[in-house]
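Read the structure below first, then the notes.
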Amino acid sequence: MEFYDVVSRRHMVRSFLDAPVSSESIERILNAARRGPSAGYSQGVEFVVITDPDVRSKLSPPPEVLATKGVRNFIEEAPVVVLVCVSAEIYKSRYREGDKARARDGADDDDLWFVPYWHTDAGAAMMLILLAAVDEGLSAGVAGVMRADGQARMQRALGMPDTHIAIALIAIGHAAADARNVRSSANTRKRRPLDEIVHRNRW
């Protein structure tokens, strides 16, 4: 598939068929994700692949909470879920190494990491997962890990250490027929045109 075809076909899917996804496809998707950019080549982005239905059922808020918000539990529904997580300390430790002294230039961590590039790298890895899924003929949707209780839920369900931050869960599978009808912000908001978001030479 041509690159721009992959990009144009990518959209968030929140309804999946009860159909398996090959382990080979998932390995190729993850291999693509690990090739994302990494500040200082710190490589602090990590992934947890969840295929066990019992474990997947523990990843989302309780059903009664989802029901009050009118949210579908597509994380439990999808055959494969990938948790993208990252360790800030891996980045900070990397930039304490000798070859990064010039980059630090005497800055403390608060100043050096005013922009937390571990989040940037995690976002790049997430996009590679979403695009690679399309290239595999699959669909994917993202659920953010919200608030402190979301982090605690990942730690309980997956044994994620508290040295890592859970960024998002990515559901991967085959889109169901009603996928386009599932409530989504994309159904109520239009994509901003290029001339609204691009500033040339100055703001």
What number of residues in region 173-197 are in a helix (DSSP H, G or I) and under 17 Å from Val81 (Cβ atoms)? 1
Exclusive hit being more than 12 Å from Cys85 (Cβ to Cβ), in contact (Cβ under 8 Å) with a residue 40 or more places away in the chain and acidic (Asp, Glu), set Asp121, Asp135: Asp135
Going by what's in this entry, would Met160 be described as in contact with a Cys (Cβ under 9 Å, 6 or more places away or on another chain) and either within 14 Å of Val84 (Cα to Cα) or not in a helix (DSSP H, G or I) (or both)? yes
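Quick grid of which residues meet (1) under 15 Å from Ile172 (Cβ atoms); (2) more than 22 Å from the chain's Cα centre (by Cα); (3) among the hydroxyl-bearing types (Ser, Thr, Tyr); (4) modelled with pLDDT of 95 or more:
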{"position": "Gly40", "(1), (2), (3), (4)": "no, no, no, yes"}
{"position": "Val81", "(1), (2), (3), (4)": "yes, no, no, yes"}
{"position": "Ser87", "(1), (2), (3), (4)": "no, no, yes, yes"}
{"position": "Arg94", "(1), (2), (3), (4)": "no, yes, no, yes"}
{"position": "Phe114", "(1), (2), (3), (4)": "no, no, no, yes"}
Just checking, how many residues over region 78-94 are surrounded by 20 or more Cβ atoms within 10 Å (Cβ to Cβ) and assigned to a helix (DSSP H, G or I)? 1
Please go through region 45-60 and pick out each residue that is assigned to a loop (DSSP other than H, G, I, E, B) and surrounded by fewer than 19 Cβ atoms within 10 Å (Cβ to Cβ). Thr51, Asp52, Ser57, Lys58
Output the residues belonging to region 11-26 that are within 16 Å of the chain's Cα centre (by Cα) and either at pLDDT 95 or above or loosely packed, with under 13 Cβ neighbours inside 10 Å (or both). Ile26
Within region 42-70, restricting to residues that are in contact (Cβ under 8 Å) with a residue 24 or more places away in the chain and more than 17 Å from the chain's Cα centre (by Cα), the one that is farthest from Ala171 (Cα to Cα) is Ser42
Exclusive hit being out of contact with any Ser or Thr (no Cβ under 8 Å at 6 or more places or on another chain) and either hydroxyl-bearing (Ser, Thr, Tyr) or in a strand (DSSP E or B) (or both), set Ile129, Ile170: Ile170
Just to be sure I understand, how many residues within region 1-35 are in a loop (DSSP other than H, G, I, E, B) and either touching a residue at least 40 places away in the same chain (Cβ under 8 Å) or closer than 14 Å to Val81 by Cβ (or both)? 13
Looking at this structure, is Ala33 among the aliphatic types (A, V, I, L, M) and either more than 30 Å from Asp99 (Cβ to Cβ) or out of contact with any strand residue (DSSP E or B) (no Cβ under 9 Å at 6 or more places or on another chain) (or both)? no
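The values are calculated or read from the model by the stated rules, or taken from the named source; none is laboratory data. In this text the structure is predicted, and so the values were computed from the model without any measurement. For neighbour counting, all protein chains shown are included, and Cβ atoms are generated from backbone atoms with ideal geometry for every residue, glycine included.
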